[in-house]
Amino acid sequence: MKKILSVLVLSLIPCGIFAQGLISFGPKVGWNSTKLTTDYKEYVNDLKSGFQGGLFFSLYLKKLYIQPEAYFSLKRGALHSSIDPLNPGSSLDIQQAVSLSSVDVPIILGYKLLDLKVARLRVWAGPVASFLLSKEFSLTVNGLNETEKVTREDFKDPVWSAQIGAGLDVLMFTFDVGYQFGVDKFLTVPSLDDFGLRNMFYCSLGWRLL
C-alpha cells in the first residue's frame, strides 16, 4: 500500500508543476542578420539574412527562469577588400562569403521584469554552442579561386557564442529580440584567423504549448 501511495505522489508531482505554470515548452522560428567580421578597417562587410527554428523548454523559479533551446540555424556573411592590409600601396582584391548551417544549443538564464496574467516581460543572457551541419565557403584573390584551401576540418566545431536579449509573452505566444556575439573564431586557418561571424541580430516567435 505504501509503495502504491509513493508512486501516486511521484506521478502527481510533474502534473502539479505543469499546472502551476512552472514548466513550459514549444516551437519557435526566427530571422537573423549576420556579418562576416574582421579587425581590418579596409574590408567592407555586408549584412546577410538567415533563419532559425526549433524548440525551447522553460523552467520558472519565481522571477528567474532557465531556458535550454535547440534549433537549426542558417548564418551567412560576406566581405570584400581591394587593399592589402599588410601592404596598403599594393592592389589586392579579396572576396569572401560564408554560409553555415548548424544546430545551436543555447542555455539562457532570464529574469521576469513584469509578470501579469496575460503578459510577461523578460530579459535574459547565456552561452550558445553551435554544432556544424554543413558549410559553404568561397574565397577569391585577384579573381583566382582559393576556396579549396579551406576544408571542413578548418572549421571549428562546436563554435561558442553568447546571447543577450529581451522577450515579451502574450497569452501563449512569445516574442524575443536578441544579439549574439561570438567568443570563438569559426576558422582555424592561421591566415584567416582575423575573420569571424561574431555579430548576429535576431528575432523569434514562439508558441508555448504549456
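Couple of notes before you dig in:
- Taking each of K48/K185; K112/K156; K35/K135 in turn, the alpha-carbon distance tops 24 angstrom for K112/K156.
- Efficiency of FRET from Cβ geometry, S33 and S138, R₀ 22 Å, rounded to 0.05: 0.65
- Stretch gain in nm, segment F51-L121, where the contour uses 0.36 nm per residue and the Cα spacing is subtracted: 22.8 nm
- The calculated FRET efficiency for Y179 paired with V103, based on their beta-carbon distance and R0 = 30 Å, is about 0.90.
- Two-site label geometry, T188 and L168: point separation in nm, points 7 Å out along Cα→Cβ: 4.4
- Computed from phi, the 3J(HN,Hα) profile of the range 202-210 under the Karplus parametrisation 6.51, -1.76, 1.60 (θ = phi - 60°) reads 8, 9, 9, 10, x, 10, 7, 7, 10 Hz, with x in place of Gly and Pro.
None of the figures in this text is laboratory data; all of them are computed from the coordinates on show. Fair warning: this is a prediction, and the values are worked out from it, not measured in the lab. Note: ideal-geometry Cβ built from the backbone for every residue, glycine included; neighbour counts use all protein chains shown.
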